[in-house]
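The values are calculated or read from the model by the stated rules, or taken from the named source; none is laboratory data. Treat the numbers as computed from the prediction; the structure is a model and nothing was measured. All Cβ positions, glycine included, derive from the backbone under ideal geometry; neighbour counts span all protein chains shown. Only protein heavy atoms, including side chains, enter the accessible area calculation; ligands, DNA and RNA are left aside. Shrake-Rupley method; radii C 1.70, N 1.55, O 1.52, S 1.80 Å.
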Amino acid sequence: MGILSFFGCGAKNLTPKEIELVNKLDFNIELMNELKNETKNELIQLPAIDQETADVLDEFFNGIHSNTSEEKANSIVKKLKEKFRAKGYLIFAFTGEEDSKSIGVIKGTNDLDILRYRRTDGINHDYENKDIVKKISEWNDKFGLTVIGCGRDWLELKFKKLPNDLDAFANEVYEFCPDSVDQGVGEVENLKLMIKEMNGIWLWWD
């Protein structure tokens, strides 16, 4: 650890406790300072997630998060996503205990690792985390995807390029995630319009 890192160079807004956490995890202190500038909330170590139940544990993961509002979460992620990725970090919105919204950061460059960390699943539809990761990986290979956020049973994606055949894709989404229509937009045609408007997709399994 360098002397400048130890004393918090680039960490003008971080508390001594936060600087200690960032250095302990060997995270980029300037990026973490930028995260706090956006959320205006404390930097905390990410909780570990039970690999079987996807419950949030009283243990820790090698990552950092900071609470934010529902309204700000996605804009923060979109603003910082590529900058963080270029330096080897994945930033994402997620829900933890009591559905509180946070911005999480873990090391990596593959957005699928975000879903693996949070153990996102559709267990009420018999989809385990590995099934979700497999499907999103397939879509990523075809269209290019960015994970904006996720929780235990939901995720939001942005496309790098929209599917050419939106009718076929909307039907595929409905088959994979019927709640997106049945408890959401009401019709597959509306789902297609939402995908086009968002340049992405919001999925959940109730």
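State whether the residues of segment 18-28 include one that is over 17 Å from F94 (Cβ atoms), open to solvent by 60 Å² or more (accessible area, probe 1.4 Å) and not in a helix (DSSP H, G or I).
yes
Any idea which of I91, I114, I148 is in contact (Cβ under 8 Å) with a residue 60 or more places away in the chain, within 30 Å of D26 (Cα to Cα) and crowded, with 17+ Cβ neighbours inside 10 Å? Can you show your working first?
On the way: I91 fails: in contact (Cβ under 8 Å) with a residue 60 or more places away in the chain; I114 fails: in contact (Cβ under 8 Å) with a residue 60 or more places away in the chain.
Unique residue meeting the criteria: I148.
Is it fair to say F61 is open to solvent by less than 20 Å² (accessible area, probe 1.4 Å), in contact (Cβ under 8 Å) with a residue 40 or more places away in the chain and under 18 Å from I114 (Cα atoms)?
So F61 does not fit the description; no.
Can you tell me which residue among E98, E82 is open to solvent by 20 Å² or more (accessible area, probe 1.4 Å) and either at pLDDT below 95 or in contact with a Lys or Arg (Cβ under 6 Å, 6 or more places away or on another chain) (or both)?
Of E98, E82, the one residue that is open to solvent by 20 Å² or more (accessible area, probe 1.4 Å) and either at pLDDT below 95 or in contact with a Lys or Arg (Cβ under 6 Å, 6 or more places away or on another chain) (or both) is E98.
Quick one: which residue in T146, T109 is touching a helix residue (DSSP H, G or I) at 6+ places or on another chain (Cβ under 7 Å), of a type in the set (S, T, N, Q) and under 19 Å from W204 (Cβ atoms)?
Step by step, each of T146, T109 is checked, and only T146 is touching a helix residue (DSSP H, G or I) at 6+ places or on another chain (Cβ under 7 Å), of a type in the set (S, T, N, Q) and under 19 Å from W204 (Cβ atoms).
Name every residue in segment 162-206 that is of a type in the set (S, T, Y) and modelled with pLDDT of 95 or more, in order of residue number.
Matches in segment 162-206: Y174 only.
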